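Below is one structure, written out as structure tokens, with a few remarks after it.
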Amino acid sequence: SPFWNWTVLRAILILRQIAIRSWFAPDIGRLRKRGNQEDLSAAMAFTMAQTAVATCFANGYRVSVTIVGRNAETILQVRGDGTGPHTMENSQRKAYTSRTFRIPSGEMVKRYKENPQNGAVFLSGVVAAQGALPIQVGDDVIGAIGVSGAPGGEKDEVCAKAAIDKVAADLK
């Protein structure tokens, strides 16, 4: 019966959420320590990605999100429902640009406009597009979040900022 199917489906979804939360529970709200360095945990990246996708969705935009770590390695990448395939690569390149140059990716747009011969924009993986922000603990850049899919990089950046704000207390 339809009621039985709905009840089973709901139970499966609840169990799935419990499993996900318990898998991430040890790290929620924490940075991962490596020697004297602090790095993004998978749980923090998960929270940030969820927040960015939800913020953009609430504003009517479907986006993909990439979070990279201290060495610009991809920690987490999420393709939002109904997004174009290019948004995955674009969010990754924005995050990579933001992390490696330690600036909002939109700053690269300004630098390129000031100097079209700026060799940095021709490097592999770098993009002059707004939508990514560095993730910092004090002055130490420990990663970046890139968002792509909203109609304009400034809208992507708002979602990235919301994600960083969500975990700001844990980045101190």
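Summary of computed values
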| read-out | value |
| --- | --- |
| Furthest towards positive pole of dipole, G152, G125, A169, structure part the range 74-172, Cβ charges | G125 |
| Candidate lysines for bridging to K172, where Cα separation is under 19 Å - those fewer than 8 sequence places away on the same chain excluded | K33, K161 |
| Charged-residue dipole, Cβ positions (Lys, Arg, Asp, Glu), the range 71-165 about Cα centre, Debye nearest 20 | 220 debye |
| Cα gyration tensor shape of the range 115-172, rounded if a/c is under 1.5, else prolate or oblate by comparing a/b with b/c | oblate |
| Relative packing of peptides 160-169, 62-71 - highest average C-beta neighbours within 10 Å first | 62-71, 160-169 |
| Interchain or long-range residues, amide H under 5 Å from I142's placed H | I135, Q136, V137 |
| Separation of the N71 and V109 label points, Cα + 7 Å toward Cβ, nm | 3.2 nm |
| Length released on extending from D39 to D140, taking residue separation times 0.36 nm less the Cα-Cα span | 35.3 nm |
| Length released on extending from Q50 to E154, taking residue separation times 0.36 nm less the Cα-Cα span | 35.6 nm |
| Built amide H within the under 5 Å cut-off of A129, gap 5+ | V109 |
| Global geometry of the range 57-172, whether rounded, prolate or oblate, following the gyration tensor of its Cα atoms and the 1.5 cut on a/c | oblate |
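Every read-out reported here was derived from the displayed coordinates using simple, explicitly stated rules and does not represent laboratory data. All values derive from a computational prediction rather than experimental measurement. Cβ atoms come from the backbone with ideal geometry, glycine included; neighbour counts cover every protein chain shown.
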